[in-house]
Structure formats: structure tokens, C-alpha cells
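Undergrad: Starting off with a structure, shown below.
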């Protein structure tokens with residue numbers, strides 16, 4: 001493997017992608033891109049999930065019914081589905097830096113429009129359009145896959161997305177504090193306070209977008225547009241899209257991701273209410289439990305990336321696929337168990353185990369994604385990322401919409417069954433040069449070493 005230490009401060013491969021991962025470094029371009037990517041996505045998670053913690057006040061102020069609140073939650077995920085599908089091709093065409101920053105700058109003012117909403121419909125529309133910002137997840141993973149080599153891309157993807165997902169937990173704690181400060185220290189009314197509180201996440205998101213534009217770099221060797229003009233670069237954008245959308249591996253990974261990350265999103269929506277209703281804890285305690293579920297991403301998703309890379313180095317693609325299947329299946333079993341535990345502390349313990357495995361499965365999924373198609377990596381990332389939000393919508397509608405006959409605890413257990421069944425589709429994935437879970441490679445490709 002060719003190294004060029006004279007040009008980069010970190011070891012790289014022949015494509016100048018980093019073969020080392022140093023999260024405490026700010027070296028350009030690899031580690032700087034990493035920190036910009038996760039902080040930018042962190043701000044998007046913080047913005048999107050800044051609304052649920054203030055729902056008790058918003059619901060009262062806008063006279064929202066339980067159906068309105070549920071519809072708004074589904075709308076947020078629906079917006080994310082559409083935008084994630086579009087973000088993949090956008091990254092392929094314009095690069096992750098420009099695509100990410102543009103979306104953040106467009107959606108930040110939408111969050112500020114909360115100051116003007118006055119009806120259930122306007123609230124639902126607000127959540128729908130704010131949810132678009134979660135498409136930055138696709139740009140995040142695309143960027144990491146452009147900067148890090150196969151031997152460390154799983155770790156880079158896992159840590160970048162895992163640290164960013166902590167934003168969904170932190171906002172559960174921070175937004176009520178911001179509201180309280182505005183309401184008590186500045187003597188603002190409750191209605192004015194919750195509206196003004198959204199200035200903080202909106203400004204944070206816009207500032208991170210500007211930093212991505214100012215200090216980010218798409219590729220180790222420069223800007224993405226310049227790279228696309230090179231003679232050996234495929235310029236058929238339609239072909240890139242079709243190549244990705246017709247790759248069945250992307251659809252399989254989208255399905256499995258729908259029942260790991262999609263389940264995680266669903267739990268973010270229901271877990272506080274579940275503990276409040278079933279075990280009679282107060283709202284503050286339920287909020288802390290819900291926040292801890294999101295905080296687990298700090299270590300769980302990166303761990304999934306580390307496991308994927310280690311299994312890849314030792315067993316090749318077969319190791320990555322088997323690792324994903326085992327971890328997600330264990331998560332499904334814990335999800336079934338969570339719905340059946342009838343004690344508070346027992347449920348908290350099982351929830352902690354479940355949160356670790358379901359989030360680690362997301363990291364393992366994106367340990368496989370970069371190998372599906374180098375040519376259409378953005379499209380594949382978009383398909384997989386969209387699968388996560390589709391899974392959230394499906395589980396929310398089928399099991400937790402309020403119109404089903406299932407109790408919440410039964411719905412949680414059934415969600416675990418869906419996780420286990422969906423993960424079985426991984427057995428159909430086969431790469432000609434690497435094989436699959438049960439099959440050997442279709443041909444001998446001795447000169448290709450993707451995991452070295």
C-alpha cells in the first residue's frame with residue numbers, strides 16, 4: 001500500500017484516503033472533515049428533536065390533539081425520507097460539503113418560522129420541513145467514505161454518526177432549560193418563550209453550515225467538482241443514479257437499516273411516554289431515561305463501526321455481514337424482552353442493553369455501505385439512510401399510532417420480531433469479489449485488497 005506522509009499528516013492509501021483514525025486530531029483534510037461532519041449533523045439532530053421536549057407547552061398553546069402530535073411526529077420522519085433520497089444524488093453531483101451546507105442553511109430559517117405558527121396544520125408542516133435537515137446524515141456518511149480507507153471507514157462512519165446522534169438526546173435536556181430561562185429570567189410569556197427558544201438551535205445549525213463551507217474539503221485532493229472533471233471520472237450522472245438504484249444490495253441494507261436506526265427513531269418518540277404511563281415516573285425522570293437512550297450513541301454506534309472493521313480485516317466481507325446479523329438479531333431479542341419486563345429497574349437495564357445493540361447495528365450497517373458501489377456511493381448511502389426513516393414511519397403507523405389494538409409494551413415486543421425477520425435478508429447479499437454470509441467469491445480477485 002502506497003503511503004505519502006510527505007503530503008498528509010496521517011497515513012493514507014493509494015487514493016489518499018486515511019488508513020488511520022485520530023479523533024483527537026484536527027489535521028487537514030481528513031480529521032478536519034470528520035469534525036465538521038459530525039458537528040454539522042449534530043446540529044441537525046439537535047434542531048429536529050428540539051421540538052418534542054417542549055410539546056407539553058406547545059400542545060397547550062396551539063390546542064393540539066394527540067392525533068395532531070402523532071401526525072406531526074410522522075411528518076418529521078416523512079420529510080427526512082424525501083430529503084435523504086435526494087441527498088444521495090446531490091452528493092454524487094456536487095459533493096458532500098456543498099450539499100450538506102446548503103440543506104442546513106435552507107432548513108435553519110424554517111425552524112425560526114416557529115414564531116409564526118398558530119394552528120395544528122402549521123405545526124405539522126413545521127415538523128415536516130424541519131425534518132429535511134436529517135438528510136445531512138447521508139452527506140455525513142458520504143464524506144467519511146470519501147476521506148477514509150476501507151480498513152477504517154467503518155470506524156469513521158460509526159463515530160461520526162454516533163457522536164452526531166447524541167444531539168437528539170442533548171436537546172431533550174437543553175431545550176426545557178432554555179425555555180425556563182426565557183420564561184423566568186426574561187419575564188416572557190410561555191407562548192413567546194417556546195417560540196424564542198428555537199432561535200438557539202437554528203443559529204447553531206446555520207453557523208455549522210458556514211463552517212463546513214469555509215473550512216471543509218470534499219476529498220483528500222481537493223474540491224469535488226474539480227475531481228469530477230478528471231478524464232477518468234464517469235460524468236454520466238444518470239448512469240450513476242441508475243447504477244445505484246438498481247443495486248439490490250442497497251435495497252437490502254435500506255430494509256435492515258429501517259429496523260435498526262428506524263427502531264431507534266421510534267423509541268426516541270415513545271420511550272419517555274412509555275415509562276411515564278407504564279411505571280408512573282414523573283416527567284423529569286421519564287425525560288432523563290429518554291435522554292440516556294440517545295446518549296448511548298456516543299459509544300454504541302462507534303463500537304459497531306470498530307467491530308465491522310475488525311471483522312472485515314480478519315474475515316473479509318463475510319465477517320462484516322455476519323457481525324451485522326448477530327448484533328441486530330440480539331437487539332431484536334432485547335426489544336422483545338423490553339416489552340415483556342414489568343418492573344421499572346428491569347426495564348431500564350434491558351433498555352440500556354437494547355440501546356447499545358440497536359445503535360451498534362446502525363454502525364455495522366454503514367461498515368458495509370461503502371463497499372456496495374464506489375461509483376454510486378451517494379445513491380446507495382441515500383437509499384440506506386432513507387430506509388431508516390421509512391422504518392420509523394412504518395413502525396410508528398403499525399404499532400404506535402394510537403389507532404391500533406396493541407398496547408405500547410406489546411408494540412415494542414412486536415417491533416423486536418420485525419427486527420429479527422428483516423435482518424434475515426442479509427443472507428441474500430453476495431459480492432462477486434468477496435462472497436456473502438454463506439457463499440465464497442464468484443471469482444479469484446487476488447490483486448484486490450479492500451480491507452487491507
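Coordinate-derived values only; no laboratory data. In this text, all values refer to a predicted model and were calculated from it rather than measured experimentally. All Cβ positions, glycine included, derive from the backbone under ideal geometry; neighbour counts span all protein chains shown.
Undergrad: Gap in Å between the Cα centre of the stretch 193-214 and the Cα centre of the stretch 6-84?
TA: 13 Å
Undergrad: For the chain, what does the relative contact order come out to in percent, with C-alpha contacts under 8 Å and a separation of six or more?
TA: Details: 849 pairs, mean separation 102.3, N = 452.
Relative contact order of the chain: 23 percent.
Undergrad: Here's something else I'd like to know. Work out the P(r) tail for the chain: percent of alpha carbon pairs separated by more than 31 Å, whole number.
TA: Details: 38848 of 101926 pairs.
In whole percent, the long-distance tail amounts to 38.
Undergrad: Would you please classify the overall shape of the stretch 368-430 from the alpha carbon gyration tensor, given that a ≥ b ≥ c denote the square roots of the eigenvalues, rounded means a/c under 1.5, and beyond that prolate means a/b larger than b/c while oblate covers the rest?
TA: Values: a/c = 4.75, a/b = 2.10, b/c = 2.26.
It is oblate, given that a/c is not under 1.5 and a/b is not larger than b/c.
Undergrad: Bin all alpha-carbon pair distances of the stretch 244-353 at 5 Å intervals from 0 and give each bin's fraction as a whole percent.
TA: 2, 10, 17, 21, 17, 12, 9, 6, 3, 1
Undergrad: Can I ask one more? Using 7 Å Cα-to-Cβ label points, what is the residue 438/residue 344 separation (nm, one decimal)?
TA: 4.7 nm
Undergrad: Using only Cα atoms, figure out Rg for the stretch 43-171 and give it as a multiple of 2.2 N^0.38 Å. Present the calculation step by step, with values, prior to reporting the outcome.
TA: Values: Rg = 16.0 Å, N = 129, 2.2 N^0.38 = 13.9 Å.
Against the compact-globule rule of thumb, the ratio is 1.15.
Undergrad: How would you rank 15, 61, 342, going from fewest to most other Cβ atoms within 10 Å of each one's own Cβ?
TA: Values: 15 13, 61 18, 342 10.
Ascending number of Cβ neighbours within 10 Å: 342, 15, 61.
Undergrad: Let me ask something else. Order by neighbour count: 151, 352, fewest other Cβ atoms within 10 Å first, most last. The partial results should precede the final answer.
TA: Numbers: 151 22, 352 15.
Listing 151, 352 from fewest to most nearby Cβ atoms yields 352, 151.
Undergrad: Oh, and also: Using the alpha carbons of the stretch 326-413, what is the convex hull volume per residue in cubic angstrom, as a whole number? Spell out each step's value before the answer.
TA: On the way: hull volume 7.7 nm³, N = 88.
Per residue, the Cα convex hull of the stretch 326-413 comes to 87 Å³.
Undergrad: If all Cα-Cα distances of the stretch 112-262 are sorted into 5 Å bins from 0 onward, what percent lands in each bin, rounded to whole numbers?
TA: Going from the shortest bin to the longest, the percentages are 1, 7, 10, 15, 16, 15, 12, 9, 7, 4, 2, 1, 0.
Undergrad: With no solvent and one point per C-alpha, what does the Debye sum give as log10 I(q)/I(0) for the stretch 122-164 at q = 0.18 Å⁻¹?
TA: Each listed q corresponds, in turn, to -0.56.
Undergrad: How far is helix 136-147 tilted off the main Cα axis of the chain, in degrees rounded to 10, range 0 to 90?
TA: 20 degrees
Undergrad: Okay, moving on. Kirkwood Rh over Cα pairs of the stretch 79-118 into Stokes-Einstein at 10 °C, 1.306 mPa s: D in µm²/s? Each step should come with its number before you reach the end.
TA: Working: Rh = 11.2 Å.
The calculation lands on 142 µm²/s.
Undergrad: What is the angle, in °, between the Cα long axis of helix 96-112 and the longest principal axis of the Cα atoms in the chain? Nearest 10 is fine, range 0 to 90.
TA: 10 degrees
Undergrad: When the helices in the chain are scored as -39500 (n - 2.57) per DSSP H run of 4 or longer and the sum is shared across all residues, what 222 nm value do you end up with, to the nearest 500 deg cm²/dmol?
TA: Numbers: 19 runs with 305 residues, N = 452.
Mean residue ellipticity at 222 nm (helix-derived): -22500 deg cm²/dmol.
Undergrad: Here's something else I'd like to know. Specify the angular offset, from 0 to 90 degrees and rounded to the nearest 10, of the alpha carbon long axis of helix 317-338 from the longest principal axis of the alpha carbons in the chain.
TA: 10 degrees
Undergrad: To continue, here is another question. Taking Cα centroids, how far is the stretch 356-412 from the stretch 250-306 in Å?
TA: First find each Cα centre; the distance between them is then 12 Å.
Undergrad: Indicate the gyration tensor shape class of the stretch 305-452 (rounded, prolate or oblate), computed on the Cα atoms with a ≥ b ≥ c the square roots of the eigenvalues: a/c under 1.5 is rounded; otherwise a/b larger than b/c is prolate and the rest oblate.
TA: Details: a/c = 2.69, a/b = 1.97, b/c = 1.37.
Prolate.
Undergrad: Contour minus end-to-end for residue 207 and residue 186, with contour as 0.36 nm per residue of separation and end-to-end as the Cα-Cα distance?
TA: 5.1 nm
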